[in-house]
Amino acid sequence: MDEWNAAYVRVEDYLRAHRIHNRLHQSRLIQRILGRAAARHAADPAISPTVLAGEESARLMETWFGAMLERRGPAADRLATDGRVALLLCDGSARWPYAFLDEREIPPEFREAMREGVIRAGPDLTVSSMVPRPIDLGPIPDAAGDTIERMERWPVLRTLALWLVLAAVLGTLFRLTR
């Protein structure tokens, strides 16, 4: 019995991690998952009920996501991941609390929200070659570079230019405040 209680707690935590907080719906899903695990356990009692419950949870979820997103076969390699992301993006467990993993009819707006929430990868990466080229900034940087070089050669001219710029700024501020 302890192993089945542990399996129950594990499945309950798994559903809670998927934001299934409604106790009635949660209990129905746990009963369904543990029923499937019990049938498999009867066939092979050596496997732990917790392991079987985890496998059945994953299997049930993958089947449901496949039906919701209409993916089967080789296109279903990332089905569980895409389904979980789509469920979180559309906030399905809060907006449609009884529809998650339900075997009955799924609301069409929930199905559409799940399909819109699937993240699609962009184009495949390809190798390209880029040859470095010199950057042409035009004549202004050349003129500024030449001016700075001249000013470095003549420190007195540099000091005089700095004082003239400072006097112009102060004069402009003085005129603006009057």
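The values are calculated or read from the model by the stated rules, or taken from the named source; none is laboratory data. Computed from a prediction, not measured in an experiment: that's the story for all the values here. As a convention, Cβ positions derive from the backbone with ideal geometry for all residues, glycine included, and neighbour counts pool all protein chains shown.
Looking at the structure I just gave you, is residue 128 of a type in the set (S, T, N, Q), assigned by TED's automatic domain parsing to the domain that holds residue 57 and either surrounded by 10 or more Cβ atoms within 10 Å (Cβ to Cβ) or closer than 30 Å to residue 81 by Cβ (or both)? When the stated conditions are applied, residue 128 does not pass them.
So, residue 103, is that one among the acidic types (Asp, Glu), farther than 25 Å from residue 32 by Cα and either in the same structural domain as residue 18 (by TED's automatic domain parsing) or assigned to a helix (DSSP H, G or I) (or both) or not? Considered against the rule, which asks whether it is among the acidic types (Asp, Glu), farther than 25 Å from residue 32 by Cα and either in the same structural domain as residue 18 (by TED's automatic domain parsing) or assigned to a helix (DSSP H, G or I) (or both), residue 103 comes out as no. Restricted to helices (runs of 4 or more DSSP H) entirely inside segment 1-88, those with at least 3 residues that are without any contact (Cβ under 8 Å) to a residue 40 or more places away in the chain and closer than 13 Å to residue 101 by Cα are 23-43, 49-69.
Yes or no, residue by residue, for (1) under 30 Å from residue 1 (Cβ atoms); (2) in the same structural domain as residue 23 (by TED's automatic domain parsing); (3) surrounded by fewer than 18 Cβ atoms within 10 Å (Cβ to Cβ); (4) touching an Asp or Glu at 6+ places or on another chain (Cβ under 8 Å):
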residue	(1), (2), (3), (4)
44	yes, yes, yes, no
55	yes, yes, yes, no
61	yes, yes, no, no
69	no, yes, no, yes
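When you check residue 81 against the structure, is it at pLDDT below 85, assigned by TED's automatic domain parsing to the domain that holds residue 14 and of a type in the set (S, T, N, Q), yes or no? When the stated conditions are applied, residue 81 passes them.
Each row is one residue, and each column tells you yes or no for (1) touching a residue at least 24 places away in the same chain (Cβ under 8 Å); (2) of a type in the set (D, E, K, R); (3) in a loop (DSSP other than H, G, I, E, B).
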{"position": "94", "(1), (2), (3)": "yes, no, no"}
{"position": "99", "(1), (2), (3)": "no, no, yes"}
{"position": "114", "(1), (2), (3)": "yes, no, no"}
{"position": "125", "(1), (2), (3)": "no, no, yes"}
{"position": "141", "(1), (2), (3)": "no, no, no"}
{"position": "147", "(1), (2), (3)": "no, no, no"}
{"position": "157", "(1), (2), (3)": "no, no, no"}
{"position": "160", "(1), (2), (3)": "no, no, no"}
{"position": "173", "(1), (2), (3)": "no, no, no"}
